[in-house]
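There's a structure below that I have some questions on.
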Amino acid sequence: QVQLVESGGGLVQPGGSLRLSCATSGLIFSGYAMSWYRQAPGKERESLATVTTTGTGTNYADSAKGRFTISRDNAKNTVYLQMNSLKPEDTAVYYCAALVRRSSTLVPGYWGQGTQVTVSS
């Protein structure tokens, strides 16, 4: 079965950095665009960044631009999210998703279980 497993979350001080990883199995990884999402307590899940199947194209939400970088390694079936200059408002559970096409839109088809990121001094 398809599995997406996030790792790399934790407690970090404001201004610090974290690198999240999402290891996948059970799917042809190179055939899926991948995204990172996050959900803070009491808020809706928001899309942060998307990377194309080859890794040559990326797209970021305004909240991630300039601080976060999404990348992928198709040889390792893994997608990454490098997060720099972290702020307390970045505290959330972070999820990766493999995107599937529905009509003319890419939507999350598979989700990981999430990894907690807490930014606090």
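The values are calculated or read from the model by the stated rules, or taken from the named source; none is laboratory data. Bear in mind the structure is a predicted one, so any value in this text is a computation, not a measurement. Positions of Cβ are backbone-derived with ideal geometry, glycine not excepted, and every protein chain shown enters the neighbour counts. Note: areas computed on protein heavy atoms with side chains; ligands, DNA, RNA excluded. Shrake-Rupley method; radii C 1.70, N 1.55, O 1.52, S 1.80 Å.
Per residue, how many Å² of accessible area does the chain show with a 1.4 Å probe?
Values: 6300 Å² over 121 residues.
Using a 1.4 Å probe on heavy atoms only, each residue of the chain averages 52 Å².
Still on this model: Which of the aspartates and glutamates could be linked to Lys65 by a straight reach, that is with a Cα gap under 18 Å, when you skip same-chain ones fewer than 8 residues away?
Glu46, Glu89, Asp90
Accessible area of the chain with a 1.4 Å probe: how many percent of it is carbon plus sulfur? Could the numbers behind the result be given before it?
Values: 2930 of 6300 Å².
Carbon with sulfur: 47 percent of the solvent-accessible area.
Starting from a Cα-only point model with no solvent, please compute log10 I(q)/I(0) by Debye for the chain at q = 0.09, 0.18 1/Å.
The Debye formula, applied to the Cα set alone, gives -0.22, -0.88.
If you don't mind, there's one more thing I want to ask. Given 0.36 nm per residue, what is the gain on full extension from Val107 to Asn74 after removing their alpha carbon distance, in nm?
Working: separation 33, 0.36 × 33 = 11.88 nm, distance 2.01 nm.
Stretched out fully, the Val107 to Asn74 stretch lengthens by 9.9 nm.
Just need the relative contact order of the chain here, percent rounded to a whole number, with Cα pairs under 8 Å and 6+ apart. It would help to have the intermediate numbers written out before the result.
Numbers: 299 pairs, mean separation 42.1, N = 121.
Answer for the chain is 35 percent.
Treating the beta-carbon of each Lys and Arg as +1 and of each Asp and Glu as -1, no other charges, what is the dipole magnitude of the chain about its Cα centre, to the nearest 20 debye? Walk me through the numbers on the way to the answer.
Working: 11 positive and 7 negative charges, 32 e Å.
Roughly 160 debye for the chain.
Show me the trypsin sites (Lys or Arg not before Pro) within segment 47-121 that DSSP assigns to loop and that have at most 13 other Cβ atoms within 10 Å of their Cβ. Mind dumping the intermediate values first?
On the way: sites: Lys65, Arg67, Arg72, Lys76, Arg101, Arg102; in loops: Lys65, Arg67, Lys76.
For trypsin sites (Lys or Arg not before Pro) across segment 47-121 that sit outside H, G, I, E and B with at most 13 neighbouring Cβ atoms in 10 Å, the list reads Lys65, Lys76.
Grab the eigenvalues of the alpha-carbon gyration tensor for segment 1-40, scale each by 5, take roots, and send me the semi-axes largest first in whole angstrom.
Details: eigenvalues 129, 21, 17 Å².
For segment 1-40, the semi-axes come out at 25, 10, 9 Å.
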